[in-house]
Amino acid sequence: MKNQSRGLSVILPNNKELSMTVGFKDRGLDVFNQLSELLGISDLHPFGLSVLRENQPLFLDLEQRLSLYLPKSWRKNTSKEKVILSLKVQYFVENIHLILNSEARQLYYAELKEKVLRSECFEQEGLYFQLAAYALQTDLGDCEEQNFAYFCPQGFFPFWIVQKHGKDYILKHTPALHRELKGMSSTEAALLFIQEAFNLSDVPLTIYRLFKEKNKPQGCVLMGVASTGLRISEVLNGQQQFVYDLPWPSIHSITFQGRKFNLHTDGLHEKKLVLYSLSVLHAKNLLQHISNSHRLHLNTKSLVMRLKKRNGTHREMYITDGADLDMEDSDDELPPLKFLLENIQKQTGTTERTNATGTDTSNDSCCLEMSVDEPEEMLVDDPEDVLRLVELVEGVSVDGPLYFFSLGR
């Protein structure tokens with residue numbers, strides 16, 4: 001069968017839409033590389049391709065074919081509806097200097113700005129005004145004194161702040177903060193926005209919707225995957241309420257069987273949390289994301305510390321192009337994020353081969369080990385049978401094979 005062409009659209013973090021022609025047999029990586037060429041951005045590695053499945057965003061495994069994630073009508077080329085993928089941040093890095101490409105940083109800023117607009121950290125109201133000032137300086141440059149209503153509050157503040165204070169209050173008091181940034185470059189303001197946005201606990205993370213009971217969607221639990229660990233919230237009466245903050249060192253293991261999750265951690269009252277995903281496909285996606293995020297955290301931890309020492313305090317740092325960082329002439333050159341993530345993929349491949357030849361997998365179980373405190377001794381085992389989960393068929397019973405993930409300390 002020939003690799004017949006199909007059409008789809010990709011929505012970027014800045015809400016621009018790109019139309020693409022891809023092959024029916026193409027993998028996610030083929031589309032990702034084609035998108036990188038279209039944008040002229042080689043450093044898209046913090047991002048992933050996301051598709052909406054069962055009303056929940058799902059990151060594609062780039063090694064899998066697109067047809068695994070897209071509707072049957074797209075496979076048969078009979079779809080009358082537009083098939084849409086989204087380019088989203090998959091790995092929220094703790095220091096923007098790890099992203100060397102300026103266009104990639106702009107996309108990173110655009111997504112964080114959208115997440116700030118949806119943020120609900122009610123106890124940090126003042127921070128939203130400072131973030132709005134940074135965003136105004138990034139997007140518009142210096143404050144225009146003669147124009148009172150030179151921006152739309154809904155484009156720079158969460159809805160609940162606009163609703164609480166009103167547009168007139170925001171338009172009256174925000175320009176004073178904006179004027180304090182006069183002369184600051186757009187790139188410097190964007191960096192300060194990104195750094196301060198990380199202080200909002202519901203911004204630098206990817207949210208997954210899980211459930212307390214099998215086949216009962218009423219008890220909704222939100223699991224946020226961040227660079228430093230997991231954040232658990234509940235949805236009660238339509239309101240999101242924070243429950244647990246689980247940094248990587250506090251997590252002992254994560255096991256899953258079909259759609260059923262067990263989290264064993266020091267951060268829970270009962271030491272174990274049982275949750276259910278929407279499907280096996282969602283379960284596989286979530287566990288791979290957790291594994292890669294933890295591994296990336298370990299690989300970048302020392303680099304983040306070095307960058308802090310090199311650049312001083314956060315407010316003294318500013319965004320520059322790769323050349324301005326003087327990377328080539330530095331004795332302690334910092335590798336770009338691209339190579340860190342590629343190294344993660346190589347580690348996964350190596351440990352998969354080791355597991356296939358060195359352990360007994362006849363019981364359909366597997367183990368992932370991560371050293372939290374000593375990155376140089378890190379071992380990550382993410383076997384082939386876990387990554388593929390056969391054909392990732394929907395509706396696999398929770399009585400299926402048991403998979404075990406351990407975060408050793």
Simple label model, 7 Å out from Cα along Cβ direction - ILE84 to GLU144, nm:
3.0
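What length, rounded to one decimal in nm, is gained on full extension from ASN15 through to ASP266, with 0.36 nm per residue of separation minus their alpha-carbon distance? Could the numbers behind the result be given before it?
On the way: separation 251, 0.36 × 251 = 90.36 nm, distance 4.01 nm.
So the extension gain works out to 86.3 nm.
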Binning every alpha carbon pair distance of the stretch 158-199 at 5 Å from zero, what are the percents per bin?
5, 18, 18, 23, 23, 12, 1
Excluding ligands and nucleic acids, what accessible area in Å² is computed for HIS264 using a 1.4 Å probe, to the nearest 10?
60
The stretch 221-242 to the stretch 58-125: how many Å between their Cα centroids?
19
For SER5 and CYS121, what is the calculated FRET efficiency with R₀ set at 60 Å and r taken between the beta-carbons, to the nearest 0.05?
0.85
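Compactness ratio of the stretch 198-249: Cα Rg over 2.2 N^0.38 Å, N = residue count? Working shown, then result.
On the way: Rg = 11.4 Å, N = 52, 2.2 N^0.38 = 9.9 Å.
Compactness ratio reported: 1.16.
For every other residue with a beta carbon closer than 14 angstrom to the beta carbon of LYS164, add +1 if it is Lys or Arg and -1 if Asp or Glu, then tell me the sum.
Values: positive: LYS167; negative: GLU120, GLU123, GLU125, ASP168.
Residues close to LYS164 contribute a combined charge of -3.
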Using only the Cα atoms of the stretch 29-159, what do you get for the radius of gyration and for Dmax, in Å?
18.4, 58
With every protein chain in place, the stretch 154-265: carbon and sulfur % of accessible area (1.4 Å):
50
Between CYS220 and GLN241, with labels modelled 7 Å along Cα→Cβ, what's the label distance in nm to one decimal, could you check?
1.5
What trypsin sites (Lys or Arg not before Pro) does the stretch 1-103 have in DSSP loop regions with at most 12 other beta carbons within 10 Å?
LYS2, LYS16, LYS76, LYS80, LYS82
What base-10 log of the normalised intensity I(q)/I(0) is obtained for the stretch 190-280 from the Debye formula, alpha carbons as equal point scatterers, at q = 0.10, 0.15, 0.18, 0.23 Å⁻¹?
-0.28, -0.61, -0.84, -1.23
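The values are calculated or read from the model by the stated rules, or taken from the named source; none is laboratory data. Computed from a predicted model, the values in this text were never measured in an experiment. Neighbour counts run over all protein chains shown; Cβ positions are idealised from the backbone, glycine included. Note: areas computed on protein heavy atoms with side chains; ligands, DNA, RNA excluded. Shrake-Rupley method; radii C 1.70, N 1.55, O 1.52, S 1.80 Å.
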